[in-house]
Amino acid sequence: MLAIGKIDLRLKGLKKYLQNIKDAKCETQVGIFEEASYSDGTPVAYVGYLNEYGGHNPPRPFLKRTAEKQQNRWSKIFQGVLRSQGIKESSIHTAFERVGQTASKDVVKTIKAWSPNDPRPNKPATIAAKARKSAGAKGKNQQGNDPTRVLHDTGVMMNSITYKVEHK
């Protein structure tokens, strides 16, 4: 009977713990936000969407792949902040911030590590166009990119990956 009482107390504590997190009314959003645009005005989020879900190219779900691979790690980071700082509004906000910082870096790592053949390589016309662009960039004292790399061109999309902690 005593063990059941201990379990019941733990469940009540867990319910309070979860309620405090819910009451904080925060969420972390990671991705490309509408403020980001290319120099010609094209929204970076639009290009990111086409890359994630496909359009003019096969889907290359860099956001989904990162989330599937890292979500348990992000959960542990969140829990670790709350364990070290306690469950209060400021530490809950800090936990959401830490997860956002980590997740946005993880998305960039996923893009950088994406294999040229995963899921399909760039088409020959894309490779040729990227090679021309890269050659022009080298002439302007800029580093050219490997034209066979998918999700890599100007670096604008990768540099636009960020996060926001929203208070609802």
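Summary of computed values
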item	result
When residues of the range 74-110 are limited to those that are of a type in the set (Lys, Arg) and modelled with pLDDT of 95 or more, the one farthest from the chain's Cα centre (by Cα)	Arg98
Scan of the range 79-88 for residues that are of a type outside the set (S, T, N, Q) and loosely packed, with under 13 Cβ neighbours inside 10 Å, ordered by number	Gly80, Arg83, Gly86, Lys88
Answer residue from the range 46-78, given it is in a helix (DSSP H, G or I) and in contact (Cβ under 8 Å) with a residue 40 or more places away in the chain and is surrounded by the fewest Cβ atoms within 10 Å (Cβ to Cβ) among those	Lys69
Test: residue in the range 151-163 that is at pLDDT 90 or above, under 30 Å from Lys16 (Cα atoms) and either of a type in the set (Ser, Thr, Tyr) or surrounded by fewer than 17 Cβ atoms within 10 Å (Cβ to Cβ) (or both)	yes
Scan of the range 22-56 for residues that are β-branched (Val, Ile, Thr) and touching a Leu at 6+ places or on another chain (Cβ under 8 Å), ordered by number	Val30
Residues located in the range 37-79, provided they are small (Gly, Ala, Ser) and under 27 Å from Glu97 (Cα atoms)	Ser37, Ala45, Gly48, Ala67, Ser75
Tally of residues being surrounded by 16 or more Cβ atoms within 10 Å (Cβ to Cβ) and touching a Ser or Thr at 6+ places or on another chain (Cβ under 6 Å) across the range 98-121	6
Output for the range 83-110, where each listed residue is touching a residue at least 24 places away in the same chain (Cβ under 8 Å) and either in contact with a Gly (Cβ under 6 Å, 6 or more places away or on another chain) or of a type in the set (A, V, I, L, M, F, W, C) (or both)	Ile87, Ile92, Phe96, Val99, Ala103, Val107, Val108
Of all residues in the range 122-143 being of a type in the set (Gly, Ala, Ser) and at pLDDT below 80, the one that is surrounded by the most Cβ atoms within 10 Å (Cβ to Cβ)	Ser134
Test: residue in the range 1-19 that is modelled with pLDDT of 90 or more and either surrounded by fewer than 16 Cβ atoms within 10 Å (Cβ to Cβ) or not in a helix (DSSP H, G or I) (or both)	no
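The values are calculated or read from the model by the stated rules, or taken from the named source; none is laboratory data. All figures in this text were calculated on a predicted structure; none of them were measured in a lab. Methodologically, a virtual Cβ is constructed for each residue, glycine included, from the backbone with ideal geometry; neighbour enumeration extends over all protein chains shown.
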